[in-house]
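Note sheet for the following structure.
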């Protein structure tokens with residue numbers, strides 16, 4: 001079993017809420033990666049994506065929800081820790097990399113990200129400068145980003 005799968009199993013066993021969707025999602029990702037790495041097939045690759053976003057804002061992910069909330073106006077508090085940070089990468093940057101991994105990849109696991117984390121606090125300050133509407137993050141909130149939100153990047 002890979003280190004990621006062992007880590008996910010430890011988080012589930014130590015959690016007071018072992019069947020919380022976030023933990024199950026982490027475990028399913030780790031087990032999928034483990035399967036890819038141990039399948040014994042040379043052409044199998046696993047890819048870890050950071051938070052992928054697009055211009056259309058239709059996907060239900062945190063960044064899109066924050067932008068839409070700022071566009072709609074008015075003060076709004078989102079259930080998010082201001083210190084939480086994500087690595088956002090645009091879908092147009094992801095697609096050619098995925099094709100390259102599929103066609104020429106040699107390693108069993110790839111991470112696709114921009115390489116720069118953006119905190120919620122910084123994101124909200126930027127949205128305020130662009131729209132004039134204040135968004136606030138709830139300090140200490142548990143971020144639900146993943147299985148239920150379509151976003152994979154966490155710090």
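The values are calculated or read from the model by the stated rules, or taken from the named source; none is laboratory data. The shown structure was predicted, so the numbers you read here are calculated from the model rather than taken from an experiment. All Cβ positions, even for glycine, are placed from backbone atoms using ideal geometry, and neighbour counts span all protein chains on display.
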Open item on the list: Please go through (1) at pLDDT 90 or above; (2) closer than 17 Å to residue 62 by Cβ; (3) outside any strand (DSSP E or B) for residue 118 and return the number of the only condition it doesn't satisfy.
Closed with: (3)
TODO: For the range 19-40, indicate whether the set of residues that are touching a strand residue (DSSP E or B) at 6+ places or on another chain (Cβ under 6 Å) and either surrounded by fewer than 17 Cβ atoms within 10 Å (Cβ to Cβ) or assigned to a loop (DSSP other than H, G, I, E, B) (or both) is non-empty.
DONE: yes
TODO: Search the range 1-18 for residues being touching a helix residue (DSSP H, G or I) at 6+ places or on another chain (Cβ under 6 Å) and in a helix (DSSP H, G or I), and hand back the single one that is modelled with the highest pLDDT.
DONE: 4
TODO: Considering only the range 99-115, state which residues are out of contact with any helix residue (DSSP H, G or I) (no Cβ under 8 Å at 6 or more places or on another chain), touching a residue at least 40 places away in the same chain (Cβ under 8 Å) and farther than 17 Å from residue 42 by Cα.
DONE: 111, 113
Task: So residue 52, is it at negative phi, in contact with a strand residue (DSSP E or B) (Cβ under 8 Å, 6 or more places away or on another chain), surrounded by fewer than 17 Cβ atoms within 10 Å (Cβ to Cβ) and at pLDDT 90 or above - done: no
